[in-house]
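Notes follow the structure.
The values are calculated or read from the model by the stated rules, or taken from the named source; none is laboratory data. Just so you know, these numbers come straight off a predicted model, no measurement behind them. Every residue, glycine among them, receives a Cβ derived from its backbone with ideal geometry; neighbour counts consider all protein chains shown. Just the protein is used for accessible areas: all its heavy atoms, side chains included, with ligands, DNA and RNA removed. Shrake-Rupley method; radii C 1.70, N 1.55, O 1.52, S 1.80 Å.
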Amino acid sequence: MSWDFILPVCLGDLVKSGAVNQYVVQDVLSVKQLPSHINTALRSQGPLCILEYFDTAYSVLQHCRTVDVAYHIVGLSVSLPTLLLSGSLSAVDRKQQLNAVKMSVFLLCKLTETLESDSYRETIVTAPSKGRKKDKVAGKGLLQWESERETVLQCLTQLLQLDIRTLWSLSLVEEEFVSCVTCCCYKLLENPTISHVKSKSTRDAIIHVLGIMVKKYNHMLGACVKVIQLLQHFEQLASVCAAAVASWSSEYGVKAIVGEIMREIGQKSSEELAREGSGVKAFSSFLSELSTLVPETMIPNISVLLTHLEGESPSLRVAVCEVLGEVLVRVLSGDKLDDSARASRDRFLDTLQEHIHDAHSHVRARVLQVYARIVNSKALPLCKYTEVMELTVGRLGDKSVHVCKSAIQLLAAFIAHNPYSCKLSSVDLTKPLEKEMAKLKEMRDSQKEQVPVAVITAADLWDAMKPELEMTVKAQLEPGSEEEDNEDEEETGGDEERTDRDTALQIAQFLRESPEQVTPEAVSSDAPPTPQKEGGGNEGGESELKKQEMLVQYLKDTESFALQVERSIAVINNMLYWKTTTVVQEAVQFCVTAFEFSVANSVCGVRKMLPLVWSTDVTIKDSVIQAYRRLYLNPHGDNTRAKAQTLVDNLSDLMIDASLGTVQCLEEIVSFFSSESALQTSVVQVLWERFSGKRETKALHRRAAVLLLGMAREVVLSNLDTLCSVALGEKVAEDYLLARDTLITIANITDHVRVCVHILCMNCQFGVITIYFFIKSLMLSKSDANDSCVEEELGLVGASAEDTEVEFIRKICETELLSGNMLSAFLPLLVKVCSSPGKYSHSQLTTAACLALSQYMMISPAVCKDNIRLLFTVLEKSPLPVVRANTIVALGDLTVRFPNILEPWTPNLYARLSDESASVRLTAIMVLTQLVLKDVMKVKGQVSEVAVLLLDPEPHIASLALNFFNELSAKDNAIYNLLPDIISRLSDPERGMKEEDFNTIMKQLFSYITKERQTESLVEKLCQRFRTAKTERQWADLAVSLSLLSVCERGFKKLQECWDCYSDKLTEPGVYQPLLSIAAKLRRRAKPQFKAQVEDYEKRLTAVHTKGLENVDNEEREQQMGDTQSQNLQTPRKSRSRPKPAITFSSDEEEEDDAVMAESETPKVTTPIARTRRTRLRH
């Protein structure tokens, strides 16, 4: 064979004559000639037939888009590896096989690239075909290539695994051969579906081929460059490239490739990464994926990535932080690290810690998540716990919701994996810490007081050596004979002088060489013994002291950790009422975790999330129910009985001192569990045992047990006799509160009831409840007994029959229940006690009387009308907060029972939101929330009182107010309709609200305005309010409210149209600055044409602010007369003679007078007010 096959740069180079002895394709066959020649080539035997039929194969490459048999060319090279397995070769055979290898590889690679391009083109072509047959043919070809692709890769793998380097001179494989193979593989990786699960086998085969090229064929640097290019142009290949590099590093032992690629990414400048198409997202994903696969290999070169932590790309900062996290978790963790690894670990942790306060919220959130993974893996050193914990608690106040959510997750991880204790209560840790610190102090004091018995001090040792040492020194310093002096001079080399230092050194040398000079006899007989004997005696004491010091330090760290957790609880509890669902879910999970670890005040969070069971968001409601299922339905215990005891104890603790709202929420949850049969029989049995007194139980737990039984109604229905006999029997006087709770339990059941008549003798309040319920039950019984007869007589069925029963019950309550019986005799007494607080001043008597009176009013509307003024008088003037709070609850029930009677008194209910007592405000906001959200009470302008509670000093009240508006925002346009009235009420000079408080409240309320049409309408409404505003403070408040809106282009046009409403107020900085900020925000995101309008508006604002409206108007008139073209550039103004339309503020109620601005309130002509004549009202 006299020719050599040289791999061409492009396919057309093979038909061109080149160097001497270079193979050139002689005959390129046409499409018609190809089938016969292909059949002849396929009948040939042996892999070397490619040398003879290469021109035919080349022709196939030229026409493969039109020849279906192109797939058969792959078979020409399948048997080539078998030929190469033979032993030593001659020069001719080596040359022949080398040409066969290069030809076969060239054909395989080029054919693969061509078919891959065609198959990809078929998948993305969307042009409609003329017939189904063409589609089927195209799909068949695509499927055929999908199956043949792996065959090609297997053939290349088998070939490259052989030691074919010996075919080349000096075993130096030419670069063109390596490039031919690798370019084919990279072409396959560019397929968009290569990262899919179905392409895993193809993906692994490509990585295997490239791994061989990197290891055997010196392709490492080329692979590094190609990986960077793929990441820059194909973002979806980040995970594929990471898997490939990890495979080359671990399976093929080419670890240096990881460092090379990391250096390439590390050397990218911020300017280069900022350009579009730089692949920064792909780089970030690649680094994150790679760190999960080979973290230990990345450690030596991780320093080159740290420069990106100071760069502008947040995604790269996130990636580097994730790399550090994986390294800390997978490599630099545990107690067996050497000093170098420990130093690296601390350095990486410090770097992560710095970026908890990163400028970008996404980076802050991801760093907190990295820390959560570190904590969950128990890879965080104990010395870092307090510091990281403190920083995390600080992130709870972050402005980003994602950061807050991540901070909550990290705090929950800290609690769940804390190395200190299973119970984290700082209160419980105080006494043990004080005890151990006192013990440590005693040990230190006793050690100081202890006199050392057998310790030789330096002074004692000197005294013992001094006599002999003096003799030795004198002997050395005394002058001897002249001969001795001459000898000394010769020995010292003729030194004329000797210093004291030289003498001292000589003495020390003498003592070292002659230790026998200091003999035991030279030491006085009363000298103490050697110190070795004393050391053995103190060793035990020192060890105990060190143990005690470690114990005290452990308790201090535990207490510090517990205090940090308690601090975070106070913040996270307020997040339970945020409007972001994911944050609320995380807060619920945190409260559960904190409660499980017995953190102090954690029960507050468990109680605080109870009202969320009424949330309209199904996700939040399910989270709360699942949380209580986890807390109370899966208790710890050795057996079923012990678990039931623990469950009842937990529920009872939640019931003790719980408010009425808490009990109602808990009732909803327990009823849900009962309906699902989640409450086991053993739990119900324990509750009955506690209630009946079979086991010695506290009174509080007995009352809690009967209330819990009442929540599971089916259980109580079958045991009414037991309820009455235990709580309402002969021992009723022993615990009236138990009797009261039992009656409440009975009153909650709407079914046939047998109640003892002697209950009337107990208390008028109990009697009212019981008799009312008793009559109701009798009526229901009678109705059930004669159900068919009544329906036949009245001719009513279904809903009509139920309405008749309800009307019958109402008539009994109004006419018979409180007339001519023993109950009616108590009513005058109750009225007298409530109306004479000076005469009847006992707190318990007043409380009971007010509650009883409210129960009477619940029965009859006549009694309610007669005494409603008295009840509101008690609400406003009673000095007892508990009476005012109970009265609010009673009035809430009366509002549900008789809404028409209570409607005129609505402002009096809202007035209690500003009560001086926190408990009254808390009760008021809870009652009003239920009434408004359940549409019992219409939403009115008095909601402004609820808005004031957003700044209440009590965090729980503020969070309930926030929850009120979150739920109210779910109602269509509710907050939108109320906002103008709320602004007017809060900016009223008589209220005297601080400007900062007003801005804070408005910022929260305007966050609910998200629709563009609402924003546009509010701009117009608020601008019209400038006409009726009287003081500078009201002007400023309206301007601030406008600046809080997300004004768009349409809203800006409304702002321009309403120029006359506020232009005469622009001289005030409080009006000018907010309006200027609106223009500034619009200008930043405006398009060029709109931006010009905004700039003109800004200039006009500034001109009026500095010169006054009259001067600006005069200048505009002069300019209009002088230059008509400038008129088109001015903002159009409405004619002042045009009548202003009445602005109506819609609301949920049609009859609300103060929500509508009458036409008489709007001035017909706006007269500009000059600065020199304006009269300022100061308040």
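With θ taken as phi - 60° and the Karplus curve 6.51 cos²θ - 1.76 cosθ + 1.60 applied, the whole-hertz 3J(HN,Hα) list for region 625-631 is 5, 5, 5, 6, 5, 5, 6 Hz, x standing for glycine and proline. For a label point 7 angstrom out from the Cα of residue 672 toward its Cβ, which stretches of region 616-636 have the backbone nitrogen within less than 11 Å? Within reach of a label on residue 672, which here means backbone N under 11 Å from a point 7 Å along Cα→Cβ, region 616-636 contributes 616-630. Have a look at 639, 670, 613 and report the one farthest towards the positive end of the charge dipole of region 610-672, computed about the Cα centre with Cβ charges (Lys/Arg +1, Asp/Glu -1). The residue sitting most towards the positive pole is 639. With the charge dipole of region 863-973 set up from +1 on Lys and Arg Cβ and -1 on Asp and Glu Cβ about the Cα centre, the Cα lying farthest toward the positive end among the listed residues 914, 942, 873 is that of 873.
For a paramagnetic label modelled at 7 Å from the Cα of residue 582 toward its Cβ, which residues of region 385-419 fall within the zone defined by backbone nitrogen distances under 11 Å? Counting only backbone N, you get 401-406. Projected onto its three principal axes, the C-alpha set of region 595-670 covers 39, 26, 23 Å, listed from the longest axis down. For region 1005-1047, trypsin sites (Lys or Arg not before Pro) meeting the loop criterion (DSSP other than H, G, I, E, B) and having at most 14 other Cβ atoms within 10 Å: 1011, 1030.
Students often get this wrong: which residues of region 919-963 have the backbone nitrogen under 19 Å from the point 7 angstrom along Cα-to-C-beta of residue 1003? So the set is 947-955, 958-963.
Rounded to the nearest 0.05, what FRET efficiency do residue 689 and residue 545 have when you use their Cβ-Cβ distance and R0 = 51 Å? About 0.45, to the nearest 0.05. Qualifying GluC sites (Glu not before Pro) in region 974-1045, where qualification requires a DSSP coil assignment and no more than 12 other C-beta atoms within 10 Å, comprise 990.
I'd like the trypsin sites (Lys or Arg not before Pro) in region 549-631 restricted to DSSP loop residues with at most 16 other Cβ atoms within 10 Å, sorted by number. For trypsin sites (Lys or Arg not before Pro) across region 549-631 that sit outside H, G, I, E and B with at most 16 neighbouring Cβ atoms in 10 Å, the list is empty.
Summed over the residues of region 811-954 and divided among them, the accessible surface reaches 44 Å² per residue at a probe radius of 1.4 Å.
Note on residue 9/residue 351: beta-carbon distance plugged into 1/(1 + (r/R0)^6) with R0 of 51 Å gives a FRET efficiency of 0.60. Extension gain for the segment residue 173 to residue 1085, taken as residue separation times 0.36 nm less the Cα-Cα distance, is 322.5 nm to one decimal. Once the 1.4 Å probe is applied to the protein heavy atoms, region 175-295 comes out at 41 Å² accessible per residue.
Taking amide hydrogens as placed 1.01 Å from N in the peptide plane, the amide H of residue 1067 sits under 5 Å from that of no residue at least 5 positions away in sequence or on another chain.
In this simple spin-label model, placing a label point 7 Å from the Cα along the Cα-to-Cβ direction at both residue 446 and residue 475 gives a separation of 5.1 nm. For region 875-957, the share of alpha carbon pairs falling in successive 5 Å distance bins from zero is 3, 15, 29, 26, 19, 7, 1 percent. Extension gain, residue 1030-residue 183: 0.36 nm per intervening residue step, less the Cα-Cα distance, totals 297.1 nm. A Förster distance of 25 Å, applied to the separation of the beta-carbon atoms of residue 633 and residue 971, puts the FRET efficiency at 0.15. Non-local amide H neighbours of residue 4 (under 5 Å, H modeled in plane, Pro and chain starts lacking H): which ones? Hits under the 5 Å cutoff: 22, 23. Computed over protein heavy atoms with a 1.4 Å probe, the carbon and sulfur contribution to the accessible area of region 926-1023 reaches 45%. Taken along the Cα-to-beta-carbon direction at a fixed 7 Å, the label points for residue 200 and residue 1049 span 5.1 nm. Using the empirical formula 2.2 N^0.38 Å as the baseline, the Cα radius of gyration of region 833-920 reaches a ratio of 1.01. Model label sites at residue 596 and residue 439, defined 7 Å from Cα along the beta-carbon direction, differ in position by 3.1 nm. Phi angles of region 234-246 translate, via the Karplus equation with coefficients 6.51, -1.76, 1.60 and θ = phi - 60°, into HN-Hα couplings of 10, 5, 6, 8, 4, 5, 5, 5, 5, 5, 5, 5, 5 Hz per residue; Gly and Pro are given as x. Computed from backbone phi with θ = phi - 60° and the Karplus coefficients 6.51, -1.76 and 1.60, the 3J(HN,Hα) list for region 911-928 is 5, 6, 5, 9, 5, 6, 8, 5, 5, 5, 4, 4, 5, 5, 5, 5, 5, 5 Hz; x is used for glycine and proline.
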